[in-house]
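K.L.:
My questions will all concern the structure given below.
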Amino acid sequence: MRPCDALITGFVRSPLLLERSLAPLRRLRQEGVLRAIHYVTWDSPDLDACVAPLAQMADVALTRVPQPQAQGNGIQRGIVYQMENLRAALAQVPGGDGRIWKSRSDFVAGADFLRAKISSFERHCAVPQRLS
């Protein structure tokens, strides 16, 4: 099985939701299902309290990046923010041979569900070979 890294982007204001969303990933990291957990969000001082609980999670790598200067309406700015956050998160993953589990900090899924998805990726999501 190829290595898999978890990428978590965004932020949540609730420490309880942050803990609940990361707990299954941290468990899978301890089991060796995940190689690493990368949490990427903006470096705004307004978010310091939101990411403070991550200081207690040595198994989650926190990267804070500058928030881009986005123009346009709310939807347009949101797309720019999401794309830039994803770009910064992907830059944290070593090499190009692994798999990525990309999620948000407000998404909670069970460890069994995630383990099954990650472990069966090649079987369920393989790129079909072209017929000759």
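The values are calculated or read from the model by the stated rules, or taken from the named source; none is laboratory data. Since the structure is predicted, the reported quantities are computational estimates derived from the model, not experimental observations. As a convention, Cβ positions derive from the backbone with ideal geometry for all residues, glycine included, and neighbour counts pool all protein chains shown. In case anyone asks, the SASA skips ligands and DNA or RNA and just uses the protein heavy atoms, side chains included. Shrake-Rupley method; radii C 1.70, N 1.55, O 1.52, S 1.80 Å.
K.L.:
For the condition over 30 Å from Glu122 (Cα atoms) and of a type in the set (Lys, Arg), what is the one hit in Arg77, Arg35, Arg27?
P.N.:
Exactly one of Arg77, Arg35, Arg27 is over 30 Å from Glu122 (Cα atoms) and of a type in the set (Lys, Arg), namely Arg77.
K.L.:
Ok, one more. Please find, among Ala70, Ala58, the residue that is at pLDDT 95 or above and small (Gly, Ala, Ser).
P.N.:
Ala58
K.L.:
I'd like to check something: does the range 107-116 contain any residue that is open to solvent by 70 Å² or more (accessible area, probe 1.4 Å) and of a type in the set (Phe, Trp, Tyr)?
P.N.:
Yes, the range 107-116 contains a residue that is open to solvent by 70 Å² or more (accessible area, probe 1.4 Å) and of a type in the set (Phe, Trp, Tyr).
Conditions tested, residue by residue: (1) in a helix (DSSP H, G or I); (2) closer than 25 Å to Val80 by Cβ.
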residue	(1), (2)
Asp5	no, yes
Arg13	no, yes
Arg20	yes, no
Ala23	yes, no
Arg29	yes, no
Ala49	yes, yes
